[in-house]
Structure formats: structure tokens, C-alpha cells
Amino acid sequence: MENSGNHRKGRGSGSDGSNNIDAEGFRPNVGIIVLNTRGQVLWARRVGGKDAWQFPQGGINPGESPEQALYRELYEEVGLTRDQVSLIACTRGWLRYRLPKRLQRKRSEPLCIGQKQKWFLLKLEAPDSAIGFDNGCKPEFDHWRWVSYWHPLSKVVSFKREVYRRALTELAPQQIQLERRWLREHE
């Protein structure tokens, strides 16, 4: 299933996260994996990115907890609110990836060399029609679809692949339970 829409994106406190970089040069960030009842994951295409698909993600603003950032980013990026999802699990620690040199902002201080992410696994409790890009924020995505749990590993941009593998592997037991439950109910 795909959906699209137009909207403007707000960034919570207005920060782009550039003043929230740790001593090693990593920006705190949340990664968001939304499951449907079948155990499939929400996969979104970036605006202007020809075939550039990824999970929703976004920076943690100064003074914001990872969980607060999760719900803010979830709404800003795919229009879902806290009451439309249930939180199933999150990664135990931070997962890091380095940005390729060509994507690092050389003139920013402090220099951000990558992201450190807490990953959250959510279950959609609302109809698919609740997912959208018309929430008044500037869009980061223009289409979405449900894909198999491991599909993103072969499709995400290469510099994020190891973080995706680690997040999906750590959160897989909860996804498998959900998928098995759905299969039992639909035998």
C-alpha cells in the first residue's frame, strides 16, 4: 500500500540538532519501526530521493528524551500520534553510523560525523489510513508501503545497513511473536 500527501515539517523546538552533538561527533537520533498486525514494517520513500527508502527517524532535541523524540518524529514524519501505536520494544543501547564525508556539513560546529540512534519498535493500532503526510509539517517522505521485516536490509543506503541489521536483529523476537499470532488467528 502506498500513500502520499503534501505538508510542511516542523522541528519541535526549531533545532536542527546541530547544537546537540556529543563529544565524539554523533548526533542523538531515534529510529522508528512501525509494524502492522501481520508483522510487516512501514517503509517510506524520501521526498526527492529517487528510490531512496528508509524507516522514519529524526534527531533528539536538547532537553528531550528519546521517547519524547520518538512520538514527535512519528507525528512529523508519518502523521501518527501516540494513541495510534503501541510501544513494543526499544534497543538496549545506542547504535551508531558514520555519515559519508560528502554528507558531513564541513562548516558546522561542532562537526557531526554521524548519528547515534535508539531504535523503537511500534505496533500500529489505527487503520492504515491514519498514516499520512498532510499534518502541516514539511514532508520528508512522499510514499509509504508495508514490506517484509527483513526487506529494508537489502534496500537501505549502504552506510545505514549495519545499524539496520543490528536494530532489526535485536527487535526481531518481538516481531516474530506478532507475526505468529496473526498467522494463528488467520489459519
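Straight-line reach from Lys116: which lysines have Cα under 23 Å away, leaving out those fewer than 8 places along the same chain?
Within reach: Lys9, Lys101, Lys106, Lys155, Lys160.
How about the range 119-157: which chymotrypsin sites (Phe, Trp or Tyr not before Pro) there lie in a loop by DSSP and see at most 14 other Cβ atoms within 10 Å? Before the final figure, lay out the partial values.
Working: sites: Trp119, Phe120, Phe133, Phe141, Trp144, Trp146, Tyr149, Trp150; in loops: Phe133, Tyr149, Trp150.
Taking the range 119-157 and a limit of 14 other Cβ atoms within 10 Å, the loop chymotrypsin sites (Phe, Trp or Tyr not before Pro) found are Trp150.
When Lys and Arg each count +1 and Asp and Glu each count -1, what net charge do the other residues less than 12 Å away from Glu24, Cβ to Cβ, add up to? Before the final figure, lay out each step's value.
On the way: positive: Arg27, Arg96, Arg98, Lys116; negative: Asp22.
Computed value for this residue: +3.
Apply the a/c threshold of 1.5 to the C-alpha gyration tensor of the range 35-77 and tell me whether it is rounded, prolate or oblate.
On the way: a/c = 3.31, a/b = 1.36, b/c = 2.44.
Judged from the Cα gyration tensor, the range 35-77 comes out oblate (a/c at least 1.5, b/c at or above a/b).
Below 8 Å, C-alpha to C-alpha, sequence gap of six or more: please give me the relative contact order for the range 26-185 in percent. Walk me through the numbers on the way to the answer.
Working: 283 pairs, mean separation 56.0, N = 160.
Computed over the range 26-185, the figure is 35 percent.
For the chain, set up a GNM with springs between Cα atoms under 10 Å and report which of Glu77, Glu125, Glu24 has the largest fluctuation.
Glu24
Mind checking the range 50-120 for trypsin sites (Lys or Arg not before Pro) that DSSP puts in a loop (not H, G, I, E or B) and that have at most 10 other Cβ atoms within 10 Å? Before the final figure, lay out the partial values.
Details: sites: Lys50, Arg72, Arg82, Arg92, Arg96, Arg98, Lys101, Arg102, Arg105, Lys106, Arg107, Lys116, Lys118; in loops: Lys50, Arg92, Arg105, Lys106, Arg107.
Passing both the DSSP loop test and the Cβ count: Lys50, Arg92, Lys106, Arg107.
With a/c under 1.5 counting as rounded, go ahead and sort the range 115-185 into rounded, prolate or oblate using the C-alpha gyration tensor (a ≥ b ≥ c being the square roots of the eigenvalues; past the cut-off, prolate if a/b is larger than b/c, else oblate). Write down the numbers at each step before the final one.
Values: a/c = 1.91, a/b = 1.08, b/c = 1.78.
The shape class here is oblate.
What does the charge count near Ile88 come to, summing +1 for each Lys or Arg and -1 for each Asp or Glu among other residues with Cβ under 15 Å from its Cβ? Mind showing how you got there, number by number?
Values: positive: Arg38, Arg82, Arg92, Lys118, Lys123, Arg180, Arg181; negative: Glu67, Glu125, Glu170, Glu179.
Summing Lys/Arg as +1 and Asp/Glu as -1 gives +3.
Return the calculated 222 nm mean residue ellipticity for the chain, to the nearest 500 deg cm²/dmol, obtained by summing -39500 (n - 2.57) across DSSP H runs with n ≥ 4 and dividing by the residue count.
Details: 3 runs with 43 residues, N = 187.
One gets -7500 deg cm²/dmol as the mean residue ellipticity at 222 nm.
FYI, it's all coordinate maths here, none of it is from the lab. Just so it is clear, the structure is predicted and the values come from calculations on it, not from any experiment. Here Cβ is always computed from backbone atoms with ideal geometry, including for glycine, and neighbour counts include all displayed protein chains.
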